[in-house]
Ligand SMILES: Nc1ncnc2c1ncn2[C@@H]1O[C@H](COP(=O)(O)OP(=O)(O)O)[C@@H](O)[C@H]1O
Ligand SMILES: O=P(O)(O)OC[C@H]1O[C@](O)(COP(=O)(O)O)[C@@H](O)[C@@H]1O
């Protein structure tokens, strides 16, 4: 079974603001609300492919109840652990000529919540995959997070990590099967800017040497690069299209990658499907639908970059 784990879910409140002006009253033209949080988005795309999965999340308050209702409405098999105080985040996504996001801090998990989470994780085994997605919530410090990773590792669970900063760095020692930073998350992890082919590859190798098995780096409109477990480097460019809402593009990519890998055991097909899913979501108001994903998949090509360094240089510049 695939489990997605979202420690700090949200409602994503999307507002269409043509021209955002700081320090003034801005009015939006339209609003939408979605159940947010990286793991829930991964689960929604897995569902599009008909891949059985369960979404585990921490939630609180009225917004947590609304997340629960929306997940039910969308037919996502899920279990939310409710916290006694506070409310789940309402993350603001402003859409205009640019996309601006404000993600909240969220509620604080207490010892009871962490205990229940570990009880659930304790039921997993070597046939399971756990995708740890998004930011840590308050109350889960790095030593608690390390104990979560250690528990999953001891159970032989296949680990996927789509997190950032310290949490991502600390997860590498637990030999995740896959990590999926975007370019800025990779720069933060590597603690250096990336301007060139050599720097991108070195940063990916840094993750690989610290024991990440597969390193998938998403590059927004420029597609994605994969350094696989055999140190093969692949690139897939993204299709062109009109971006409507890129929130969840990275999560969609992760779900597509996992789905195609499970179905084909091919990293090339996985990368191609990842890019198709990410772009299909970016070109849609909500997360992508299967038909849209497959139409983009057909037009994509994956290139091996091992013998073609100049090609990668073009991508990064
Ligand atoms: N502007 C865009 N045009 C086409 N595809 C996009 C665009 N933005 C994102 N994507 C697709 O979604 C994937 C993930 O996007 P990215 O923005 O890198 O991830 P994240 O949401 O994690 O920051 C990209 O690899 C690409 O396939
Ligand atoms: O937990 P974080 O890092 O604050 O991110 C949460 C946000 O990320 C999202 O899952 C979208 O992620 P991506 O755009 O990276 O795919 C939103 O639904 C949510 O508001």
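Looking across region 152-173, the residues that are within 11 Å of residue 213 (Cβ to Cβ) and away from ligand 1 (no atom under 16 Å from the Cβ) come down to 158, 159, 172.
With a cut-off of at least 2 residues that are in contact with a strand residue (DSSP E or B) (Cβ under 8 Å, 6 or more places away or on another chain), touching a residue at least 60 places away in the same chain (Cβ under 8 Å) and more than 16 Å from ligand 2 (Cβ to nearest atom), name the strands (runs of 3 or more DSSP E) lying wholly within region 49-158.
Details: elements: 53-59, 78-82, 89-95, 99-102, 129-133.
Fully inside region 49-158 and qualifying: 129-133.
Of all residues in region 1-16, those being farther than 17 Å from residue 34 by Cβ and buried (at least 21 other Cβ atoms within 10 Å of the Cβ) number 4.
For region 207-252, the tally of residues that are surrounded by 17 or more Cβ atoms within 10 Å (Cβ to Cβ), more than 16 Å from ligand 2 (Cβ to nearest atom) and closer than 11 Å to residue 279 by Cα stands at 2. Of the listed requirements (1) at pLDDT 95 or above; (2) crowded, with 16+ Cβ neighbours inside 10 Å; (3) more than 18 Å from the chain's Cα centre (by Cα), residue 95 misses just one: (1).
Condition check for residue 90 on (1) touching a helix residue (DSSP H, G or I) at 6+ places or on another chain (Cβ under 8 Å); (2) crowded, with 24+ Cβ neighbours inside 10 Å; (3) farther than 26 Å from residue 256 by Cβ: one failure, at (2).
A quick yes/no check of all residues on (1) touching a helix residue (DSSP H, G or I) at 6+ places or on another chain (Cβ under 7 Å); (2) at pLDDT below 95:
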| residue | (1), (2) |
| --- | --- |
| 198 | no, yes |
| 251 | yes, no |
| 269 | yes, no |
| 278 | yes, no |
| 283 | no, no |
| 290 | yes, no |
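When 288, 249 are checked against the criterion of being under 24 Å from residue 94 (Cα atoms) and more than 14 Å from the chain's Cα centre (by Cα), a single residue qualifies: 288.
The values are calculated or read from the model by the stated rules, or taken from the named source; none is laboratory data. Quick caveat: nothing in here was measured; it's all calculated off a predicted structure. Glycine also receives a Cβ, built like all others from the backbone with ideal geometry; neighbour counts cover every protein chain displayed.
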